[in-house]
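The structure appears right after this line, and notes come after that.
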Amino acid sequence: MAVTVRAEPASATGGDFSAHAEPYRRELLAHCYRMTGSLHDAEDLVQETFLRAWKAFDRFEGKSSIRTWLHRIATNTCLTALEGRQRRPLPTGLGTSSSDPTAELVERREVAWLEPLPDLTDPTADAADPAVIAGSRESVRLAFVAALQHLSPRQRAVLLLRDVLQFKAAEVAEAIGTTTVAVNSLLQRARSQLDAVGPADRLSDPDSPEAQDRLARYIAAFETYDIDRLVELFTREAIWEMPPYTGWYQGAPAIITLIHQQCPAELPGDMRMLPLVANGQPAAAMYMRAGEVHVPFQLHVLDMRADGVTHVVAFLDDSLFAKFGLPLKL
């Protein structure tokens, strides 16, 4: 997950602010998303970061790179925004056991749930470019961002600046206004807490032929309303959750029962799905029939390993469709 810091060109301290700052927008969005767990908040915080940086640009002395300076501003903007806020969970993070798929669903829209992130990979950029790596798919995996929510905001900031963006301890200390000793202590505790949450699975690349084939079969099962076909795609211990509903379900039989019991679709063609990438993972946008058209219903983010689908988070938030550049009807 580590990245190499980009060397800043000598001319970076002069000229137009936008020309120097805009190349970092993608990685700043990824950073603010990792800090907050919210796409909506991250977009607002990047805008706030750019506003603060623009106002201070005439005082930028070039003692650090533009990139380091912008990330310092973004980190402090996030820390201010996170003061007094609750962490953003997924249903599996609420501390409850797996649910009965035949029981009534419990909805809690007042909870600020974790949100998914569109793919930030720039197809025109060199894959070895540090800006691409900083916003890389591995560092925005849904499970990793969910695990970050167990850390305090300052622990989160230190871990991301040190382990993801590869800042030096002294740079992190200056960024958040503390000492290198305090930074090293925060980093040690953050790493320990992440280890306690559990090791991350090695997930399939969404661009791999195997992942694309499995995603195509997953989509076909829903579109043809042959839900029982999903059994062959899920691993034995697979998990399904769908915020804002609080329950989560483990095992292919429970997942299949849940879909049969709770899905509003009844016939082949009632559901349509578009493949995409979210959080650096295979994903699909589900549309449900409403008269003559299909309208946004759920956004599925899938954990895939070589042996099958291990986890699905189906987000019931139709406001995400516009954020992902998806059509509002089919």
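The values are calculated or read from the model by the stated rules, or taken from the named source; none is laboratory data. Just so we're clear, the structure is a prediction, and the values are computed from it rather than from any experiment. A quick note on method: Cβ atoms are made from the backbone with ideal geometry, for glycine too, and the neighbour counts reach across all protein chains shown. We work out accessible area using only protein heavy atoms, side chains counted, and drop any ligands, DNA or RNA first. Shrake-Rupley method; radii C 1.70, N 1.55, O 1.52, S 1.80 Å.
Taken over region 244-301, the ratio of Cα radius of gyration to 2.2 N^0.38 Å equals 1.24. Taking 27 Å as the straight-line reach from the Cα of Lys55, the lysines in range (excluding those fewer than 8 positions away in the same chain) are Lys63, Lys168.
Working note: Karplus 6.51/-1.76/1.60 with θ = phi - 60° gives region 236-252 the couplings 4, 9, 4, 10, 10, 9, 8, x, x, 7, 7, x, 9, 9, 10, x, 4 Hz, where Gly and Pro are set to x.
Annotation: amide H of Tyr245 within the under-5 Å range of Arg108, sequence separation 5 or more or interchain, hydrogens built in the peptide plane.
Accessible surface for region 209-324, divided over its residues, is 39 Å² per residue with a 1.4 Å probe. Helix 180-197 axis versus longest C-alpha principal axis of the chain: approximately 10°, rounded to the nearest ten.
Relative to the longest principal axis of the Cα atoms of the chain, helix 39-56 runs at roughly 10 degrees.
Taking all protein chains as shown and a probe of 1.4 angstrom, Val277 keeps an accessible surface of around 30 Å². Placing +1 on each Lys and Arg Cβ and -1 on each Asp and Glu Cβ, with no other charges, gives the chain a dipole about its Cα centre of roughly 1100 debye. Taking 0.36 nm per residue of separation and subtracting the Cα-Cα distance, full extension of the segment from Thr235 to Gln166 would add 21.3 nm. Taking all protein chains together and a 1.4 Å probe, the residues Lys323, Lys168 rank Lys168, Lys323 from largest to smallest accessible area.
Relative to the longest principal axis of the Cα atoms of the chain, the long axis of helix 209-223 makes an angle of roughly 50 degrees.
Ordered from highest to lowest accessible area with the whole protein assembly present and a 1.4 Å probe, Arg189, Arg59, Arg236, Arg305 read as Arg236, Arg59, Arg189, Arg305. Among residues other than Asp270 with Cβ under 15 Å from its Cβ, the summed charge is -1 (Lys and Arg +1, Asp and Glu -1).
So for region 150-190, what percent of the C-alpha to C-alpha distances run longer than 13 Å? Summing the P(r) tail past 13 Å for region 150-190 gives 39 percent.
When the alpha carbon gyration tensor of region 209-324 is reduced to an equivalent ellipsoid, its three semi-axes come out at 20, 16, 15 angstrom, largest first. Each Lys and Arg contributes +1 and each Asp and Glu -1, all at the Cβ; summed about the Cα centre of region 229-330, the dipole is approximately 160 debye.
The accessible area of Ile66, taken with all protein chains in place and a 1.4 Å probe, comes to roughly 0 Å². Which of Ser97, Trp69, Leu203 sits farthest toward the positive end of the charge dipole of the chain, with +1 on the Cβ of Lys and Arg and -1 on the Cβ of Asp and Glu? Working it through, the farthest residue towards the positive pole turns out to be Trp69. Across Cys78, Cys263, the residue with the most accessible area heads the list, and the full order at a 1.4 Å probe is Cys263, Cys78.
Near the amide H of Ala278, within less than 5 Å, lie the amide hydrogens of Ala283, all on another chain or at least 5 residues away, with H placed in the peptide plane.
Positive-end ranking of Ala220, Met286, Leu258 along the dipole of region 209-324, with charges on Cβ about the Cα centre, is headed by Met286. The solvent-accessible area of Thr92, taken with every protein chain present and a 1.4 Å probe, is close to 50 Å². Working from Cα pairs under 8 Å separated by at least six residues, relative contact order for the chain is 18 percent. Candidate values [x] 30, 54, 15, 0; [y] 27, 47, 24, 2; [z] 34, 60, 6, 0 were compared with P(r) over Cα pairs in 20 Å bins from 0, in percent computed on the shown model; the agreeing label is [x].
In the calculated pair distance distribution of region 48-193, what percentage of Cα-Cα distances lie above 18 Å? Value for region 48-193: 67 percent of Cα pairs lie more than 18 Å apart.
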